[in-house]
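Beneath this line is the structure, given in structure tokens, with notes to follow.
Bear in mind these aren't lab numbers, they're just calculated from the coordinates by the rules spelled out. Quick caveat: nothing in here was measured; it's all calculated off a predicted structure. Cβ atoms come from the backbone with ideal geometry, glycine included; neighbour counts cover every protein chain shown.
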Amino acid sequence: MNNTKKLLFATIASVAVLPAAAETVRRIDVNGNQRMDAESVRILADVKVGDNVTAERANQIAKKLQESGYFSKINVRMSGDVLKIDISESPIVNQVTVEGNDEISADDLKKEVRTKERVSYDESVIGGDVQRMLTLYQRKGYFGTKINPKKIALDDNRVNIVYEITEGHPTYIRDIKFEGNKKFRSKDLRGEILSREHAWWRLMTQFDVFDEDRIMYDQQMLRQFYLRNGYVDFQVKSANGVFTPDREYYSVTFVVDEGPQYKIGDVKIDNPFPDVPDDALRRALKISRRQVYNIDKVEESIASLRGVIADYGYAFITVEPEPVKHDDTRTIDMVFKIQKTNRIYLNSINILGNVRTFDSVIEQSLPMRAGDPFSLQDIETGRQNLMRTRYFKEVQMVPSRIADANMMNLDVKVEEQPTGELSGGFGWSNINGFMVDAGITESNFMGRGQVVQLRGSLAEYQKQALFSFTEPYLFGRALSAGFDVSYTMYNYSSLGSLGYDRDSFAVTGRMGWKLTDHWFQTLRLSASFDQNYDIQLSGWHDANLYTLGTNFRYHNLDTNFQQNTHTGVVGNIGIAYTGFGGTETFMRYSGDITAMVKFFSDRWQLRSSLDFGLIQPLDGDYVSRVYRYFLGGETLRGFDVAGVGSRNWAYSTYSLGGMWKLNGSTQLNFPIFIPDEYQIKGFVFMDYGILGKPPKAEDYYPQNMHSPEYANHIDDDLRTSAGVGIYWNTPMGPMNFSWGWPLKMNKYDREQRFLLSFETQF
């Protein structure tokens, strides 16, 4: 009887819970909702009146609501023809905070947290949040960190989530060992990997804490090191980090198998292009027979080969190196297989990003046009040309191939920058006293690439003003033309270094053009209307000078615009005739050359320069002192302006100037162990110079002077100086400080050891 009753009860319960057939829903009741309206719940449940609901369907509805993340409790059931949905809404996260963190900022930790404020609380997400934060700590060597998440209930079904962090201590690497290395010392191998042994002086690095990901990267670095040294069979058998017995440190051991060293055997190039010279390809190779195999040199050879072939119009080629290893001879033969493609031509050049600068100005700086063969060298030359204009902060040359065609489009993407420059300077010297200098230059006037400059300076003994205009592409051709109008006033008669006054108004017209990729020529015609006072001649004299001259300029610079360094050579050769009925007649010859080399990731630069000038009087004409050469100041640091050379002892040893000069400088620019973002560099220099003698008439005593102590002292002795300096590219502009000390000088030379200049931009 009891068994019969039990069986009957189970049957009734089953029927109540699991209806035998689907029920048609006539009404949907939602209970327990507070923030969410009933209709939104019905939409989330994906059920409506008229649907047939079975027990399985009811479970599906409950699962959908659960997956939404909005509810903590869900009960779905049929009561007759009414679908009842009973819910409890998940609490809303009011605030997420982290506590106890010192090594990692709260902002960085919260970036890893998926639980966000003002969203529904989801218990399942918390565990993932904790694990991601623990991973951050482990990367910094904190393997003992513990994180305890807490949920704090608030009113209105809200919660605060607090992640309580106990950081513990970082787990440093006590020692790094190598086993199996015979060709290289463990000390050398430690220098090739990123991980470091812990030491008290490594305060600014995290490389001395244990990180499994970094150990994996170290293995790759070891393999690259051995491949650069010819060990192509090298393997890292294992790399393990284990706790020291005190569990305070890790000990890391790399077990390696070096294998034998291989050298380069035969080197061949499979060249499918008859118009690409084999010699040009061979010169591009960075490897040669009997050299130790070096994977980096192989990669450089591939890049160089692609560059040479691309310059002949074959872009997007593939160069596949096929090494053949000979274990008996320990050599590797290299065959560079070049995939044959058709010549690629430029279809169009699209200029993008310019708002102010005319397209025509940009196009004029590009060496290629639509229809030209594609050339990587031309593209790089064009980029350099555009960067040298200083119109743009960044220039990108982006080629894209046209599908099913041997054509290429080139996008020239530019980011413009301010081209106006406001410059100023101040300083003090024995010549000028306190001096201020200001100027404004617009190098891209009205977006047409024209250069307009207005500059002036004011000092106790000197005043200058200049207006200049330059059109770089006259009539749309590579023909530069412009003019300069200047006024200069010197009041040096009361000083001991120069001893003359001069008022000069000058107008100069100029025209320049490109001869080759690196040579330029400029033609100048100028008229100068001067009033000169020479203390030796005791009076004012008018002077009109008409000058025709030409200058040849050589420019071959490779510029790293980020580091503001250059490499290459710049030089000038000039000749000018002064006469045409003017008050003085002479020839002037000039030349200068500057060579620059950069090294150590372009952060160091060695710069050497040489400058020469010669004045040749014509028809026995006397050349006034104001038109001669002088040395000192920026041309010979450590000496005052006009502070060296032949002197007149009658008038406070003023400089007589020279009919020729030869001076030069060698300077090393280097970082001074300050982060690059501060833009501070140091430099050391050595300057030297020789100033030729004045005209022969001044080899004797000055007029009306009969005492030997008033004699002119004539010399063309060598002067040298050395010094140090600091270059600082401040937010206002660059500042230049230098201190120079004469090394070889005469007793009457004038010193000026400190120089300061600055510029600012707008």
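Nearest 0.05, what FRET efficiency do ASP108 and ARG401 give at R0 = 51 Å with Cβ-Cβ as r?
Once the sixth-power term is evaluated, E becomes 0.75.
Of PHE639, LEU83, TYR250, which is farthest on the positive side of the dipole of the chain, counting Cα position, with +1 on Lys and Arg Cβ, -1 on Asp and Glu Cβ, and the Cα centre as origin?
LEU83
Nearest 5 percent is fine: what portion of the DSSP beta bridges confined to segment 21-89 is antiparallel?
Beta bridges within segment 21-89, antiparallel portion: roughly 65 percent.
Using Cβ contacts closer than 10 Å as the measure, can you line up LYS325, LYS111 from fewest to most?
With the sparsest Cβ surroundings first, the list reads LYS111, LYS325.
Grab the other residues whose beta carbon is less than 15 angstrom from that of GLY591, score K and R as +1, D and E as -1, and report the net. Mind dumping the intermediate values first?
Numbers: positive: ARG553, ARG588, LYS661; negative: ASP592, ASP611.
In short, +1.
Put a dot 7 Å past each Cα toward the Cβ at THR583 and THR341; how far apart are the dots in nm?
Distance between the two pseudo-spin positions: 6.9 nm.
Set the Förster radius R0 to 35 Å, insert the Cβ-Cβ distance between ASP278 and LEU352 as r into 1/(1 + (r/R0)^6), and round the FRET efficiency to 0.05.
For ASP278 and LEU352, the calculated efficiency is 0.35.
Counting each DSSP H run of 4 or more residues in the chain as -39500 (n - 2.57), what helix-only mean residue ellipticity at 222 nm follows after dividing by all residues, to the nearest 500 deg cm²/dmol?
After summing the helix terms and dividing by residue count, I get -5000 deg cm²/dmol.
Viscosity 0.890 mPa s, temperature 25 °C: give me the Stokes-Einstein translational D for segment 172-257 in µm²/s, with Rh taken as the Kirkwood radius over C-alpha pairs.
Working: Rh = 13.3 Å.
My calculation gives 185 µm²/s for D.
Quick check: from the Cα gyration tensor, does the chain come out rounded (a/c under 1.5), prolate or oblate?
Details: a/c = 2.36, a/b = 2.16, b/c = 1.09.
Cα axes put the chain in the prolate bin.
Name the long-range amide H neighbours of LEU479: under 5 Å, sequence gap of 5 or more, or other chain; modelled H, no Pro or chain starts.
Here LEU474 satisfy the definition.
What residues have an amide H closer than 5 Å to that of ASP640, excluding those fewer than 5 places away on the same chain, when H is modeled at 1.01 Å from N in the peptide plane?
The answer is GLY633, ARG750, GLU751, GLN752.
Please sort 399-406, 608-615, 277-284 by packing, taking for each peptide the average over its residues of neighbouring beta carbons within 10 angstrom, highest first.
608-615, 277-284, 399-406
Cut-off is 10 Å between beta-carbons; in what order do ILE344, ILE674, ILE92 appear when sorted fewest neighbours first?
In increasing order of surrounding Cβ atoms, one gets ILE674, ILE92, ILE344.
Where the only charges are on Cβ atoms (+1 Lys, Arg; -1 Asp, Glu), what is the dipole of the chain about its Cα centre, to the nearest 20 debye?
Its charge dipole is roughly 1540 debye.
Could you point to the residue in ALA280, TRP519, TYR262 farthest towards the positive end of the chain's charge dipole, with +1 and -1 charges on the Cβ of Lys/Arg and Asp/Glu respectively?
Of the candidates, TYR262 comes out farthest on the positive side.
What distance in nm separates the simple spin-label points at ASP503 and ASP175, each placed 7 Å from Cα in the Cβ direction?
The answer from the label model is 8.7 nm.
Under 9 Å from the Cβ of THR318, count the other residues' Cβ atoms, weight Lys and Arg +1, Asp and Glu -1, and hand me the total.
Within the 9 Å Cβ shell, the charges total +1.
In nm, to one decimal, how far is the modelled label at ASN729 from the one at ASP155, with both set 7 Å along Cα→Cβ?
Those two pseudo-labels are separated by 5.9 nm.
Note down the magnitude of the dipole of segment 21-89 about its Cα centre, charges +1 on Lys and Arg C-beta and -1 on Asp and Glu C-beta and zero elsewhere, to the nearest 20 debye.
60 debye
Hey, for a label at HIS555 modelled as a point 7 Å past Cα toward Cβ, could you say which residues of segment 591-622 have their backbone N under 11 Å away?
Output list for this probe position: empty.
Once phi is turned into ³J(HN,Hα) by the Karplus curve 6.51 cos²θ - 1.76 cosθ + 1.60 with θ = phi - 60°, what whole-Hz value does each residue of segment 261-267 show in order, with x for glycine and proline?
Once rounded to whole Hz, the list reads 8, 10, 10, 6, x, 6, 10.
Just going by the charge dipole of the chain, with Lys and Arg at +1 and Asp and Glu at -1 on Cβ, which of GLY620, VAL569, ASN342 is farthest out on the positive end?
ASN342
With both bridge residues required to lie in segment 92-166, what share of the DSSP beta bridges run antiparallel, to the nearest 5%?
Around 60 percent antiparallel, to the nearest 5.
Any idea what the dipole of segment 172-257 comes to, in debye rounded to 20, about its Cα centre with Lys/Arg Cβ at +1 and Asp/Glu Cβ at -1? Please report the intermediate quantities before stating the final value.
Working: 14 positive and 14 negative charges, 70 e Å.
Charge dipole of segment 172-257: 340 debye, to the nearest 20.
Using a Förster distance of 25 Å, how high is the FRET efficiency between THR54 and VAL125, based on the Cβ-Cβ distance and rounded to 0.05?
So, using R0 = 25 Å, E works out to roughly 0.20.
Run the reach check for LYS237 against lysines, Cα to Cα strictly under 18 Å, same-chain hits fewer than 8 apart removed. What comes back?
Leaving aside lysines fewer than 8 places away in the same chain, those within reach of LYS237 are LYS177, LYS182, LYS183.
Nearest-5 percent of antiparallel DSSP beta bridges in the chain?
On the way: 225 of 257 bridges.
Percentage antiparallel, nearest 5: 90.
Under the Karplus relation 6.51 cos²θ - 1.76 cosθ + 1.60, θ = phi - 60°, what is the ordered set of whole-Hz ³J(HN,Hα) values for segment 317-323, x standing for Gly and Pro?
7, 10, 10, 9, x, 10, x
How high is the relative contact order of the chain? Use alpha-carbon pairs under 8 Å, at least six apart in sequence, and give a whole percent.
Computed value for the chain: 5 percent relative contact order.
For SER72, enumerate residues with amide H under 5 Å from its amide H, sequence gap 5+ or separate chain, H modeled in the peptide plane.
Long-range HN contacts for SER72: SER88, GLU89, SER90.
Could you please rank ARG625, ARG753, placing first whichever residue has the fewest other Cβ atoms within 10 Å of its Cβ?
On the way: ARG625 24, ARG753 15.
Going from sparsest to densest Cβ surroundings: ARG753, ARG625.
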